[in-house]
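Encoded as structure tokens, the structure appears first; notes follow it.
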Amino acid sequence: MPDIELRNIRKEYDEGKVIALNDIDLKINDGDFAFLLGPSGCGKTTMLRTISGLIQPTKGNVYIDGIDVTEQPPQERGIAFVFQDFNIFPLSVFENATYSLKVQGYTQEYIIQEGERVLEIVGLADRADEIPVGWGNGDLQRLGLARAICSGAKILIMDEPLGSLDPKISAEFRWELRNIIKDQGLTAIQVTHNQEEAMAIGDYIIIMRDGNILQQDTSEVLYRYPKSLFVGNFLGGINILEGYIRKVLKEDYYDVKIRLGGPTLKIHSPNTKFYLDENVIIALRSEDIYLFTLDYDYKNSRADWTGIVLSEALVSEKFLTGKEKRYIVELDNGDTLSVSKPEVFQYEFQIDQDIKIGLFNEDLRLFKYPENLSTEMDLQ
Ligand code: ADP
Ligand code: MG
């Protein structure tokens with residue numbers, strides 16, 4: 001069963017002026033369903049086409065199942081590639097799906113048996129005789145999947161296959177897609193712009209930027225423990241505060257002060273070392289910020305508050321999205337934080353209301369102060 005490995009893959013265009021892949025190492029294990037995410041132009045398509053053999057790397061090697069396939073043509077790699085727009089022949093659904101079997105010279109009996117089996121799997125059994133011209137994207141994706149499974153490939157590569165799907169169809173189809181991939185024992189990589197989809201059904205996510213892989217982890221780890229500000233911000237948005245290291249403590253803990261003042265924060269940073277007085281960025285998720293009225297009784301309220309009261313703030317905007325209540329609160333120095341509360345949260349705050357904001361040390365993440373903060377927070 002196939003795993004995929006890239007070692008030191010580099011792809012340059014225009015005589016080295018464009019570095020589409022910057023010496024990438026990647027391992028995708030057999031049976032994994034991986035998602036590939038990153039801003040437009042970061043190298044996702046180049047990476048997938050390099051794996052499938054449609055693009056030759058400038059240097060480096062591609063391994064499938066431990067075998068170096070860098071020099072092998074695409075058709076010998078056992079990979080099915082589903083593009084956003086793939087070719088539909090003006091033939092029946094059945095003939096479109098089983099095309100590769102016919103080309104390979106299988107008997108009519110085998111083709112019928114296999115075609116029926118695969119169309120059943122993708123939910124197109126009762127539409128086998130239709131001509132798919134004019135079909136919607138959702139149905140075409142099923143057909144693309146049928147063709148891929150029929151080809152016998154054990155690796156499925158999908159480059160934004162649901163890119164232009166209606167969100168409702170996409171939400172329904174995604175679980176079916178995952179089940180089919182797992183049932184068929186395929187190793188799959190999918191590029192999507194839909195982070196929610198990637199977080200929901202992927203075994204893990206690979207985040208790329210400027211030809212580099214920034215992080216490869218499960219969605220939980222990426223969301224809770226991003227290794228960079230960019231990853232944290234890319235996946236679901238993040239609030240940032242500027243601060244400095246006040247004290248280096250034992251066991252990777254740091255006393256951190258926010259520039260605008262307030263209490264000392266004690267933050268754990270097992271992966272990155274900081275030094276005394278170093279400028280840092282403190283990051284926290286919008287759901288990890290707590291809001292209180294000015295007269296809130298922290299000690300004697302029903303749920304004793306054990307967190308840190310950071311500072312006073314002003315509610316400057318408020319949105320109700322149906323799933324959540326979102327507030328924009330403004331700190332004394334003009335910085336704003338985005339705060340989200342579940343729709344069922346019982347307290348309501350009003351625009352222009354003075355409030356206090358609270359947090360827990362364990363929800364805070366520390367990052368090196370970047371050379372250029374706005375570039376680092378720019379998702380493009
Ligand atoms: P993504 O799929 O993440 O949007 P691509 O892999 O398509 O990104 O492109 C990565 C980079 O390589 C981009 O800067 C793109 O302009 C460049 N690029 C891709 N294909 C070519 C090509 N055939 N010639 C020159 N530059 C290319
Ligand atoms: Mg692309």
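The values are calculated or read from the model by the stated rules, or taken from the named source; none is laboratory data. Source: prediction; values computed, not measured. Cβ sites come from the backbone with ideal geometry, for glycine too, and all protein chains shown count toward neighbours.
Details
For (1) touching a Pro at 6+ places or on another chain (Cβ under 9 Å); (2) outside the structural domain of SER340 (by TED's automatic domain parsing); (3) closer than 18 Å to PRO39 by Cβ, each residue gets a yes or a no:
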site	(1), (2), (3)
GLN195	no, yes, yes
ALA198	no, yes, yes
ASP210	yes, yes, yes
THR218	no, yes, no
PRO263	no, no, no
TYR275	no, no, no
ARG285	no, no, no
THR293	no, no, no
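- Test: ARG117 is surrounded by fewer than 22 Cβ atoms within 10 Å (Cβ to Cβ), of a type in the set (Lys, Arg) and assigned by TED's automatic domain parsing to the domain that holds GLU197: yes
Residue-wise test of (1) surrounded by 15 or more Cβ atoms within 10 Å (Cβ to Cβ); (2) part of a loop (DSSP other than H, G, I, E, B); (3) outside the structural domain of LEU276 (by TED's automatic domain parsing); (4) free of Cβ contacts under 8 Å to residues at least 12 places away in the same chain.
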{"position": "ASP297", "(1), (2), (3), (4)": "no, yes, no, yes"}
{"position": "SER311", "(1), (2), (3), (4)": "yes, no, no, no"}
{"position": "PHE319", "(1), (2), (3), (4)": "no, no, no, yes"}
{"position": "ASP332", "(1), (2), (3), (4)": "no, yes, no, no"}
{"position": "LEU337", "(1), (2), (3), (4)": "yes, no, no, no"}
{"position": "LYS341", "(1), (2), (3), (4)": "yes, no, no, no"}
{"position": "LYS356", "(1), (2), (3), (4)": "yes, no, no, no"}
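- Annotation note: Cβ proximity below 6 Å between a residue of the stretch 30-45 that is in the same structural domain as ILE206 (by TED's automatic domain parsing) and a residue that is near ligand 2 (Cβ under 9 Å from one of its atoms) and charged (D, E, K, R) (sequence gap 6+ or interchain) occurs for LEU36/LYS44; GLY38/LYS44; THR45/ASP159.
For (1) over 25 Å from GLU160 (Cβ atoms); (2) of a type outside the set (A, V, I, L, M); (3) at pLDDT 90 or above, each residue gets a yes or a no:
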site	(1), (2), (3)
PHE89	no, yes, no
VAL93	no, no, yes
TYR99	no, yes, yes
LYS102	yes, yes, yes
GLY115	yes, yes, yes
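- For the residues ASN96, ASN137, ASN61, the requirement of being touching a residue at least 24 places away in the same chain (Cβ under 8 Å), away from ligand 1 (no atom under 16 Å from the Cβ) and closer than 22 Å to LEU21 by Cα singles out ASN61.
- Single unsatisfied condition, ILE281 versus (1) free of Cβ contacts under 8 Å to residues at least 60 places away in the same chain; (2) of a type in the set (A, V, I, L, M, F, W, C); (3) assigned to a strand (DSSP E or B); (4) under 17 Å from LEU366 (Cβ atoms): (1)
- Residues that are surrounded by 20 or more Cβ atoms within 10 Å (Cβ to Cβ) and in a loop (DSSP other than H, G, I, E, B) within the stretch 1-11 comprise just one, PRO2.
- Residue list for the stretch 294-318, filter: among the hydroxyl-bearing types (Ser, Thr, Tyr) and within 36 Å of the chain's Cα centre (by Cα): THR306, SER311, SER316
- Enumeration of residues in the stretch 358-380 that are part of a loop (DSSP other than H, G, I, E, B) and of a type in the set (Ser, Thr, Tyr): TYR369
- Verdict on ILE238 being buried (at least 19 other Cβ atoms within 10 Å of the Cβ), among the aliphatic types (A, V, I, L, M) and assigned by TED's automatic domain parsing to the domain that holds ARG10: no
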